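Q: Structure in structure tokens, see below.
Bear in mind these aren't lab numbers, they're just calculated from the coordinates by the rules spelled out. Computed from a prediction, not measured in an experiment: that's the story for all the values here. In this analysis, Cβ positions are derived from the backbone assuming ideal geometry, glycine residues included, and neighbour counts consider all displayed protein chains.
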Amino acid sequence: MLYSGINLKKFELFKRYEKNPILTSANWPYAANAVFNAGATKYNDETLLLVRVEDRRGFSHLTVARSSDGKENWKIDPYPTLVPDIQAQEEMWGIEDPRVVWLQEREEFAITYVSFSKGGPLVSLAMTKDFRNFTRLGPVMPPEDKDASLFPRRFKGRWVLIHRPIIRGEAHLWISFSPDLKHWGDHQILLPARPGWWDSHRVGLCPPPIETPEGWLIIYHGVRYTASGSLYRLGLALLALDDPRRVLHRSSEWVFGPKEPYELIGDVPGVTFSCGTIVNKDTNELRLYYGAADFTLCLATEFKKESITQKKSIEEVQNIDT
Ligand code: BMA
């Protein structure tokens, strides 16, 4: 294990977009308190963000914003796109933090999101082909559970979900398996929080796993409690391509964290929290969309010449430990 200070002189892996934040409640076509933590995907040659919008009751819903370059000129749906189902008890206090994955086998997008129920936050699943009509498959994990995403395909016939239950006060990444997206089992801890480290108090999956030739790239958030609140930063891990239960690497340092005023001032200061990335294979660019201080939506791009989606640069840029 390398001493964690050793990389201090190395450059940053992500470069913030100079016009951050890219979306705020001031841009919204209707009244909103905050817009943040958006799922991201490509749809009809555009970048589509499924943005978490918090209203002034403190409840959240999801609204689509589209842009041809993923940076500017956002076209925002004039009304909420996916609202809590008031018939469904588990959505009574809103829906939050979506992760969007294209399932080629089913030819539809899967959206895992947090439903806020009386019993606490839980993981729900909805499907869509067009971001207009949604089919809710209902809760897939009971409270308290969040930060979930499917992998885009089955492994040995089973769908795989990464999620983050809180059990006995401990918050680790877990992995679970299902033959039908409904019945889940073979649960096990995938990536634990690390006492004493920057990710000591909680960890949770950020965007959906990204497939690379060397493995599934996982961007996760780690939380450290401090005297002035929690710090939410991002770290990396790599899972085996054929068996995502196998962790090949995990970065010792965080790769992104709150620094700019818009990340340090907001409803929850000190938070950088991502639910979506877009990988452009032609330009080798990875765009990370992230919520800043639970208040606005921002963009950072991975700007190393050799992408972090290539093994060489993962090892060069990060002092990776297993
Ligand atoms: C987490 C989630 C996120 C939020 C973060 C920081 O538990 O609820 O939606 O951004 O806390 O408040």
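Q: Could you please state, rounded to a whole Å, how far the C-alpha centre of segment 179-200 is from the C-alpha centre of segment 11-80?
A: Taking the Cα centre of each part, segment 179-200 and segment 11-80 sit 28 Å apart.
Q: Among Cys298, Cys275, which comes first, second and so on when ranked by fewest other beta-carbon atoms within 10 Å?
A: Working: Cys298 25, Cys275 31.
So the ranking, lowest neighbour count to highest, is Cys298, Cys275.
Q: Let me ask something else about it. Report the Cα-based extents of segment 202-283 along its three principal axes, largest first, to the nearest Å.
A: Per principal axis, max minus min of the Cα coordinates gives 42, 28, 17 Å.
Q: Which residues' amide hydrogens lie under 5 Å from the amide hydrogen of Val140, considering only partners 5 or more residues apart or on another chain, with H built in the peptide plane?
A: Val123, Ser124, Leu125
Q: Give the residue list of GluC sites (Glu not before Pro) in segment 37-86 that are DSSP loop and have at most 11 other beta-carbon atoms within 10 angstrom. All intermediate terms of the calculation are to be shown ahead of the outcome.
A: Working: sites: Glu46, Glu54, Glu72; in loops: Glu72.
Filter output for segment 37-86: Glu72.
Q: Cut-off is 10 Å between beta-carbons; in what order do Asp147, Asp180 appear when sorted fewest neighbours first? Intermediate results must be reported in sequence, preceding the final value.
A: Working: Asp147 26, Asp180 9.
Lowest to highest Cβ neighbour count: Asp180, Asp147.
Q: Counting Lys +1, Arg +1, Asp -1, Glu -1, what net charge surrounds Gly138 among other residues with beta carbon under 12 Å of its beta carbon? Intermediate results must be reported in sequence, preceding the final value.
A: On the way: positive: Arg136, Lys182; negative: Asp85, Glu90, Glu91.
The answer is -1.
Q: In Å and whole numbers, how far do the C-alpha atoms of the chain stretch along each principal axis, longest first?
A: 52, 44, 44
Q: Residues with beta-carbon under 13 Å from that of Ala171, excluding Ala171: net charge, scoring Lys, Arg +1 and Asp, Glu -1? Mind dumping the intermediate values first?
A: Numbers: positive: Lys146, Arg164, Arg168, Arg194, Arg202, Arg224; negative: Glu144, Asp145, Asp147, Glu170, Asp199.
Here the charged neighbours net out to +1.
Q: Let me ask you something else. Using the structure shown, select from Lys71/Lys118; Lys75/Lys182; Lys19/Lys75; Lys156/Lys281 the pairs with a Cα to Cα distance greater than 25 angstrom.
A: Details: Lys71/Lys118 37 Å; Lys75/Lys182 34 Å; Lys19/Lys75 17 Å; Lys156/Lys281 27 Å.
Correct reply: Lys71/Lys118; Lys75/Lys182; Lys156/Lys281.
Q: Ok, one more. How big is the charge dipole of the chain about its Cα centre, in debye rounded to the nearest 20, if each Lys and Arg gets +1 on its Cβ and each Asp and Glu gets -1 on its Cβ? Please report the intermediate quantities before stating the final value.
A: Numbers: 40 positive and 41 negative charges, 72 e Å.
I would put it at about 340 debye.
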